[in-house]
Amino acid sequence: MTTSPNAADPLTLGRRVRHLRSQRGLTLDQLAADTGVSASQLSLVENGHREPRLGLLSALASALGVPVGALLDPEPPTRRAALEIALGRAQASPAYARLGLPAVRPSKTLPTDALEALVGLHSELRRRDEATSATPEEARRANTELRQTMRAVHNHLPELEELAERQLRAARHTGGPLTHRTVARMAADLGLTIIHVDDLPHSTRTVTDLENGRIYLPPVSIPGGHGLRSLALQAMAHQLLRHSAPVDYADFLRQRMEINYYASACLVPRTPAVELLSAAKTAKDLAVEDLRDAFGITHETAAWRLTNLAMHDLGIPVHFLRVTEDGSLTKGYEDDGVGFPADAGGAVEGQYVCRRWAARAVFSQRDRTTEFHQYTDTPAGTFWCSAQTGRDATGKRFSITVGVPYVHAKWFRGRDTPVRARSSCPDEGCCRRPPADLADRWAGRSWPSATMHAHVLAPLPSGSFPGVDDAEVYAFLERHSS
């Protein structure tokens with residue numbers, strides 16, 4: 001199709017043609033005859049379904065007694081026309097198409113106030129859809145707000161601590177690492193049975209069948225593995241906390257934080273954990289690895305659990321980092337003033353940690369059987385840190401670090417480390433700027449191709465539950481319920 005130069009929006013142009021035709025008392029057939037086209041073709045133009053060629057545009061302008069520019073005016077000719085255009089655009093959107101509803105034709109018999117109501121409803125639906133689409137910017141903003149909220153309460157949620165201990169007592173858990181048998185008993189108390197399957201939908205970590213009372217988990221690949229206990233507990237937490245489908249990305253993150261907190265509080269109950277940590281503090285022998293081994297959990301869970309209890313129960317401000325081998329910060333918490341790298345909006349995810357920090361220095365250590373300890377002098381003060389490395393499900397390395405201000409290092413095992421580093425970040429001269437000789441040698445003589453973190457650009461997919469493929473999940477449930 002050949003379009004006219006500087007063509008206006010077809011819907012607006014069509015409504016303008018219809019408005020001018022009606023003003024002059026012309027029928028569709030009469031204007032069609034005056035312009036040498038069929039009435040059906042002209043109807044397509046007036047309804048915005050066809051953009052007129054330049055010749056037809058000139059003929060229409062001549063027949064209606066206006067300059068061509070008047071037809072190309074981007075403003076709708078009337079308020080009614082503006083509403084009709086808005087309704088047409090809304091009903092042509094993918095969001096409306098997904099609803100499977102019929103389109104409302106804005107005929108002359110449709111009252112203007114009804115048209116106003118329809119356009120208003122579409123506008124609100126679009127606003128809500130955009131709010132829940134979770135663009136990267138929205139996701140980072142919501143994550144930053146949640147991190148700030150948790151920092152304000154020192155990463156400690158008493159109501160979830162109490163809920164976890166109450167559920168453990170009901171399941172007759174008396175101490176030590178939480179067993180799979182006890183987790184199954186906790187599920188049974190909620191009327192749920194844990195079932196391991198090898199065909200979980202790819203977009204889910206667990207699926208709970210509320211109708212038949214089942215929690216579907218991945219297969220048992222590692223007998224006794226912490227991960228499956230945690231997943232089952234997280235699935236139960238959704239029911240205990242009466243979560244509903246998240247209304248936006250902030251709600252999704254809040255729910256994820258709550259179920260993770262509940263699962264951790266079950267795996268490491270506050271009362272015995274505080275007893276162990278308090279005794280270790282008195283002996284000046286605090287260590288993440290002891291908490292890990294006492295409760296049979298991962299080093300990351302032990303480190304994170306320590307942050308839940310450190311300030312509230314031990315009076316120790318701390319910071320926590322999860323950093324990939326390339327130095328990218330994927331999870332962080334601090335209430336000790338260490339100062340994480342952050343973007344203009346305060347988001348820390350994806351920011352690069354200083355090469356001098358223990359979180360990155362640990363990757364160069366050969367002995368990975370014990371924690372790596374280091375003092376680091378920073379612009380915010382001197383901090384003592386304990387770091388350990390691990391590998392994720394894809395085999396990529398990451399480090400887990402817990403650190404405290406210098407004055408609190410006295411409570412921890414490893415405080416006598418001779419390892420010390422100095423960091424002046426965010427000054428780029430600290431570790432981001434290459435040595436002058438290398439810069440002179442390679443500037444303009446190399447072209448590195450950078451990798452991209454997929455999560456930086458990916459929005460949260462839409463669905464009944466954000467990020468979940470509804471069709472795949474419902475097919476899975478139908479398959480297993482029968």
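In the stretch 32-47, the residues that are charged (D, E, K, R) reach residues that are open to solvent by 70 Å² or more (accessible area, probe 1.4 Å) with C-beta atoms within less than 9 angstrom, at least six apart or across chains, in these pairs: D34/S62. Selection of the stretch 168-188 for residues being open to solvent by less than 30 Å² (accessible area, probe 1.4 Å) and of a type outside the set (G, A, S) yields L168, L178, T182, V183, M186.
The helices (runs of 4 or more DSSP H) found entirely in the stretch 231-314 that carry 2 or more residues being open to solvent by 10 Å² or more (accessible area, probe 1.4 Å) and hydroxyl-bearing (S, T, Y) are 249-267, 270-282. For the residues T208, T182, the requirement of being in contact with a strand residue (DSSP E or B) (Cβ under 6 Å, 6 or more places away or on another chain), within 18 Å of C266 (Cβ to Cβ) and among the polar types (S, T, N, Q) singles out T208. Quick one: which residue in P67, P74 is on the phi < 0 side of the Ramachandran plot and modelled with pLDDT of 90 or more? Exactly one residue qualifies, and that residue is P67. If I filter the stretch 145-183 down to residues being among the small types (G, A, S) and in contact with a Pro (Cβ under 7 Å, 6 or more places away or on another chain), which single residue comes out as farthest from Q239 (Cα to Cα)? Here the residue is G175. Within the option set R229, R254, R214, being closer than 26 Å to L146 by Cβ and either more than 20 Å from the chain's Cα centre (by Cα) or free of Cβ contacts under 8 Å to residues at least 40 places away in the same chain (or both) holds for one residue only, R229. Restricting E145, E159, E165 to those that are part of a helix (DSSP H, G or I), acidic (D, E), open to solvent by 50 Å² or more (accessible area, probe 1.4 Å) and at pLDDT 95 or above reduces the list to E159.
Summed over the stretch 93-105, residues that are outside any helix (DSSP H, G or I), open to solvent by 50 Å² or more (accessible area, probe 1.4 Å) and at pLDDT below 85 total 1. Restricting the search to strands (runs of 3 or more DSSP E) fully inside the stretch 321-439 and requiring at least 3 residues that are modelled with pLDDT of 95 or more and either over 24 Å from A139 (Cβ atoms) or open to solvent by 20 Å² or more (accessible area, probe 1.4 Å) (or both) gives 372-378, 381-391, 397-405, 420-422. Inside the stretch 142-191, residues that are of a type in the set (D, E, K, R) and in contact (Cβ under 8 Å) with a residue 60 or more places away in the chain make up a count of 5.
Exactly one residue among G65, G25, G14, G69 is small (G, A, S), loosely packed, with under 13 Cβ neighbours inside 10 Å and under 22 Å from T112 (Cα atoms), and that residue is G25.
Applying the criterion of being closer than 26 Å to L87 by Cα and of a type in the set (G, A, S) to the residues of the stretch 33-55, the residue that is modelled with the lowest pLDDT is G48. Here A97 does not qualify as farther than 30 Å from S123 by Cα, among the hydrophobic types (A, V, I, L, M, F, W, C) and free of Cβ contacts under 8 Å to residues at least 12 places away in the same chain.
Under the condition of being touching a residue at least 24 places away in the same chain (Cβ under 8 Å), in a loop (DSSP other than H, G, I, E, B) and of a type in the set (G, A, S), the residues counted in the stretch 49-92 number 1. Taking A7, is it modelled with pLDDT under 85 and out of contact with any helix residue (DSSP H, G or I) (no Cβ under 7 Å at 6 or more places or on another chain)? Yes. Filtered by the rule that a residue be in a loop (DSSP other than H, G, I, E, B) and either among the polar types (S, T, N, Q) or open to solvent by less than 50 Å² (accessible area, probe 1.4 Å) (or both), the stretch 31-48 gives V37, S38, N47, G48.
The values are calculated or read from the model by the stated rules, or taken from the named source; none is laboratory data. Being a predicted model, the structure only gives us computed values, none of them experimental. In this analysis, Cβ positions are derived from the backbone assuming ideal geometry, glycine residues included, and neighbour counts consider all displayed protein chains. Quick note on the areas: whole protein, heavy atoms, side chains included, nothing else; ligands and nucleic acids left out. Shrake-Rupley method; radii C 1.70, N 1.55, O 1.52, S 1.80 Å.
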